[in-house]
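Heads up: the structure comes next, in structure tokens.
The values are calculated or read from the model by the stated rules, or taken from the named source; none is laboratory data. Quick caveat: nothing in here was measured; it's all calculated off a predicted structure. As a convention, Cβ positions derive from the backbone with ideal geometry for all residues, glycine included, and neighbour counts pool all protein chains shown. Just so you know, the surface numbers come from the protein's heavy atoms only, side chains and all, with ligands and any DNA or RNA stripped out. Shrake-Rupley method; radii C 1.70, N 1.55, O 1.52, S 1.80 Å.
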Amino acid sequence: RKIKVKKAAELICVFPFVVRAFEMEIIPAERIVAQIGSTLILTCNTTGCASPNFSWRTQMDSPLGGKVSNHRTHSTLTMNPVSIVNSHSYLCTVICDEREQKEKSVKVELYSFPSDPIIEISPSLVAGEPATVICKIPDVYPSDHLEVLLKKDEHVLYEENFLEDDRTNIETKIVTYTFHPMAEDIGKEITCVARLPIVDMDFEPKERTSSQKLNANFGPQNTAITASPGNWPMEGDSLNLSCATQSNPPAQIVWSKYLAEESIQHLIRNNVLSIPRVQFNDSGLYICEATNVVTNKTEKATVHITVQGAPVITKLSIEPSTTVQEGENVSIQCSAESNPPPKIILRRKSDSADMGPYSAKSILLPSVMFQNGGDYECVAENEFGYSKSEITLNVKYGPKNTMITIIPTTALKEGETVTMKCTSSGNPAPVISWKKKKTTGESEKISKNATLTIQNLKSQDLGLYECEAYNQFGKEEKAVKLYVQGLLEEPDQMIPLIIAFSSVAAVAVPAVAILIYVSRQAKINGSYSLVKALRLKV
């Protein structure tokens, strides 16, 4: 109501003073859920009291576990951080003007679920061998509500709860599970799901998860070799051998090849072995060896490569040398490689008929003769083509078949010219020289040419002439004798000079017999023909 007061002609309106009743409240009210480790502030507010007096306590008169700050009309209790000792009902008491007292309480309920689970898996898992997964849920409270699941992708591997755990402090809970990972498990996720489903407690999150991809070591296994363009390449083609294997971590690849003597030739460390141009000697058994250094396991794969193509002559040789001396033992050998195996023909080019084929691919010439010298040819042939190669056998021998030719072949007379030519075969070509026998029996070298010409024939030119053929492997001699017939009975006839020739052996025939024979012929016929004399062949 309004009271009107009149004073000195003024009208003053006065509103009545309203006194509010003493009240208090706690914020938050009645019940609060706090996470251990966080900060919690409880506020006690008052209205209707000019000078309130605040006090805080727990229902069980336990330590507050916090810091009190009083202000004019409110008081705060700060718990920083919230700990397990703060799990109480807190009462705030306010006395107003020392006359009136009021009190209210709030219940603090605690939980701890601060972080996601921690997954630990052995770093060196081996497929097929036992592996342990450890899931740690840090600083959990209350643990009697904790539920833990271990899953592989969506498949539940293991489940555990802690319903009978009555511990009253925060604790890291550990769940352990052992299983046998397989190669197909690589890349799958191992997930740890932790749940803290406390009824009537309003907090988030109530579920936490962590995942880790599974990385199991295994292998090598299923190792295989692929040959491109194939296992039967043509000579000169490029060849790529690829080795594939299943292994984690990736396997180390080493290539090797079996050699003929059953030893192994190590090649490269790579999953691909490349040969730009294959040769016949690249044929053989190749080995790919895959090794996993973590699992300490090794697996091998093999492939047999056969190089096909026209023959290649790998050897054409003469033993002991291409140049030999007559009488030595000689072997001519030819070998070729190809696939399919070649037919080999070894022959002398000057011969019309083949001297092969020979299974031993060789020609044996025991005590070789000079006639065996010449060019030899090796021909190797198969369905893809042929190959040919030549080699020369050079047979060294001493002079042979030494011969003397006399020109003219008719009767000669004093003052005419006679030419004597000496020929001989040998390797190297013989050096030919002429000698004349003196009356003393000694020989005098008269010419170093193969042809000896005597002009203006005189009586002093008569006698024995010797032709000598020589090289480093021997010598051979032939002889010819110029002699005169006795005086004919007819005084008007000229005395012809008669030429007789023979080998060295024939020189020993008594000259007297020749002279008697020729003399008798002259007496009978009255003349002498050189041609007839030559027919004697003495």
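What the table below lists for this structure:
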| quantity | calculated |
| --- | --- |
| Enumeration of residues in segment 100-121 that are polar (S, T, N, Q) and in contact (Cβ under 8 Å) with a residue 12 or more places away in the chain | SER105, SER112, SER115 |
| Matching residues, segment 302-328, being open to solvent by 40 Å² or more (accessible area, probe 1.4 Å), more than 15 Å from PRO366 (Cβ to Cβ) and not in a strand (DSSP E or B) | SER321, THR322 |
| Check on LEU64, in a loop (DSSP other than H, G, I, E, B) and aliphatic (A, V, I, L, M) | yes |
| All positions within segment 370-399 that are under 38 Å from the mean Cα position of the chain (by Cα), without any contact (Cβ under 8 Å) to a residue 60 or more places away in the chain and open to solvent by 50 Å² or more (accessible area, probe 1.4 Å) | GLU383 |
| Residues (of a type in the set (Val, Ile, Thr) and within 17 Å of GLU390 (Cα to Cα)) located in segment 311-332 | VAL312, ILE313, THR314, ILE318, THR322, THR323, VAL330, ILE332 |
| All positions within segment 122-134 that are under 20 Å from PRO250 (Cα atoms), surrounded by 15 or more Cβ atoms within 10 Å (Cβ to Cβ) and in contact (Cβ under 8 Å) with a residue 40 or more places away in the chain | LEU125, VAL126, ALA127 |
| Scope segment 241-282; condition closer than 25 Å to PRO340 by Cα, surrounded by 12 or more Cβ atoms within 10 Å (Cβ to Cβ), under 15 Å from the mean Cα position of the chain (by Cα) and in contact (Cβ under 8 Å) with a residue 40 or more places away in the chain; matching residues | LEU241, VAL278, ASP282 |
| Selection within segment 193-219 - in a loop (DSSP other than H, G, I, E, B), buried (at least 17 other Cβ atoms within 10 Å of the Cβ) and on the phi > 0 side of the Ramachandran plot | none |
